[in-house]
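Let me begin by presenting the structure, written as structure tokens, before commenting on it.
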Amino acid sequence: MTRFIADLHVHSKYSRATSKEMELDAIARWGKIKGIKLVATGDFTHPLYFAEIKSKLEPVADGIYRLKQGEQETLFILCTEVSNIFTQGQRTNRRTHTLIFAPNIETVEHINTALGRLGKLGSDGRPIFGFPTKDLVKMILDISDKCLLVPAHAWTPWFSVFGANSGFDSLEECFEEQTKNISAIETGLSSDPEMNWRLSALDGITLISNSDAHSPNKLGREANAFACALEYPEICRCIKEKDPTGLLFTVEFFPEEGKYHYDGHRNCNVLFTPQESKAHNNICPVCGKQLTVGVMHRVEELADRKQGFVPKKSIPSIHLIPLEEIIAEALEQGPNTKGVQQEYMRMVEQAGSEFAILIDLPSEEIKKIAPPRVYEGIMLVRQGKLKIVPGYDGVYGRISIFPKEGEAEKPANGKEQMSLF
């Protein structure tokens, strides 16, 4: 079975803080550049965007679509993200985000009709509802048991099932009787499978990774590698059953680069490890207010295993840095500068796609198409030999492939990459 890359969580231009370029045509075009075969439509609950989905896409397989005109190599799966802000138990500020996958256009129409009675779908590409997430699961599956619901970016502090500021301590606490219908979670940019493996409660849960892209060039910064029939039922089966022959591996950010990995206060320039936060009772030493507790801290709170534990049934992962970031550091230019973008497009055109360069091509082939320092950077990323200042309180972490002498750092986790290269 041929392997393909899938990015199952993106947003359209109708979501807040999202590029106006996030339209189906641009997503398809960048999917080909990146080497992503299957991309989520995103935002199918938004009336204007759903009208575009219906007018611009055509079915090519069971639950899989492509553009009627334009770039047709990139395929689409129907998916959206919704936000629930609600009271459950003793807390009034529960906030979760959930991905909803649908098998066909007709099902989406029923979903939109049902959700439209409970909220304003046109207000944002990611609509907000005031009822519990467990009720969302029941509502969607009552419409079609072929739908798949996945808690999005499960560890981010403010809007996630395990979030330190608004979440729950377990899936059962959140979903109650609907927990049986939750078979996967999205790890998010600030967390990776290795961190999630420390919770035995997640052993039966499939861990997927996606870009949550708000602009086209961010597609694929996290993704999933499948080797199954490119059809909606089979993709859902691989996820639900945690099938290692169908879901081969996930592509991960180095989680330290995520903007909620460690604890801190960005306004006070305070960056703490979980241990440092505990020593300060989670109080900022500068302003005296509560620190924003990050993903690593939250994992430490809930984990019942030590770092490095690997469950018997686990989907492996590889950690990568986007090619334009490697080129930018190698050339000592900004990622969006003309020189970096020209070099990026030149390399991608010669190799076929960004993922071909980052994952598939042997080192000898990369050496033929990459400037020496870019080649060196790609090899260092493959080996995980990096210096990282972790992200915190909404600030992305800073990765140094070629660290400057005396540069301050908090080291990466020193992960061994799976033997893919």
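Every number here is computed from the coordinates shown, using simple stated rules; none is lab data. Note that the structure is predicted; figures quoted are calculated from it, not measured. Neighbour counts are summed over all protein chains in view; Cβ atoms, including those assigned to glycine, are modelled from backbone coordinates with ideal geometry.
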Item checked: Sparsely packed chymotrypsin sites (Phe, Trp or Tyr not before Pro) within the range 226-331, loop by DSSP, other Cβ within 10 Å at most 14 -> 309
Item checked: Listed candidates [x] 25.1; [y] 22.3; [z] 20.0 - label of the one calculated as mean projected area of the Cα convex hull in nm² -> [z]
Margin query: Around residue 67, under 10 Å between beta carbons, what's the net of Lys plus Arg minus Asp minus Glu among the other residues?
Written below: 0
Next item on the list: Run the numbers on the range 120-195 and let me know its relative contact order in percent, using alpha-carbon pairs under 8 Å that are six or more apart.
Entry: 27 percent
Notebook entry, point to check: Hey, what number do you get for the chain at 222 nm if only DSSP H runs of n ≥ 4 count, each worth -39500 (n - 2.57), divided across all residues, to the nearest 500?
Noted result: -8000 deg cm²/dmol
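Do any trypsin sites (Lys or Arg not before Pro) in the range 74-138 lie in a DSSP loop with no more than 13 other beta carbon atoms within 10 Å, and if so, which?
Values: sites: 91, 94, 95, 117, 120, 134, 138; in loops: 117, 120.
Sites meeting the loop and neighbour criteria: 117, 120.
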Check: Which of 54/338; 180/312; 218/242 have a Cα-Cα distance over 30 Å?
Finding: 54/338
Checklist line | Stretch gain in nm, segment residue 68-residue 158, where the contour uses 0.36 nm per residue and the Cα spacing is subtracted | finding: 28.5 nm
Item checked: Separation in nanometres of the label points that stand 7 Å from Cα toward Cβ, at residue 20 and residue 349 -> 2.8 nm
Check: Rounded, prolate or oblate: which one fits the range 322-385, using the alpha carbon gyration tensor with axes a ≥ b ≥ c (rounded when a/c is under 1.5, else prolate when a/b beats b/c, else oblate)?
Finding: oblate
Check: How many angstrom lie between the C-alpha centres of the range 358-373 and the range 381-398?
Finding: 23 Å
Margin query: Can you compute the charge dipole magnitude of the range 322-385 about its Cα centre, using +1 on each Lys and Arg Cβ and -1 on each Asp and Glu Cβ, nothing else charged? Give it in debye, rounded to the nearest 20.
Written below: 120 debye
Check: Can you give me the Cα centroid spacing of the range 212-244 and the range 138-173 in angstrom?
Finding: 18 Å
Note to self: Starting from 0.36 nm per residue, how many nanometres of slack lie between residue 93 and residue 172 once their C-alpha separation is accounted for?
What the structure shows: 26.7 nm
Notebook entry, point to check: So which GluC sites (Glu not before Pro) in the range 65-120 end up in coil per DSSP with only 15 or fewer other C-beta atoms within 10 Å?
Noted result: 73
Check: In debye, nearest 20: dipole of the chain around its Cα centre with unit charges on the Cβ of K, R (+) and D, E (-)?
Finding: 440 debye
Next item on the list: Restricting to the chain, compute how many DSSP beta bridges are antiparallel as a %, nearest 5.
Entry: 70 percent
Check: What list of ³J(HN,Hα) values in whole Hz, one per residue of the range 54-65 in order, does the Karplus curve 6.51 cos²θ - 1.76 cosθ + 1.60 (θ = phi - 60°) give from phi, with Gly and Pro shown as x?
Finding: 5, 7, 9, 9, 9, x, 10, 7, 4, x, 10, 10
Item checked: Sites residue 200 and residue 289 - FRET efficiency at Förster radius 41 Å, r taken between beta-carbons, to 0.05 -> 0.75
Margin query: If I stretch the segment between residue 135 and residue 400 completely, what's the gain in nm (0.36 nm per residue apart, minus their alpha carbon distance), one decimal?
Written below: 91.0 nm
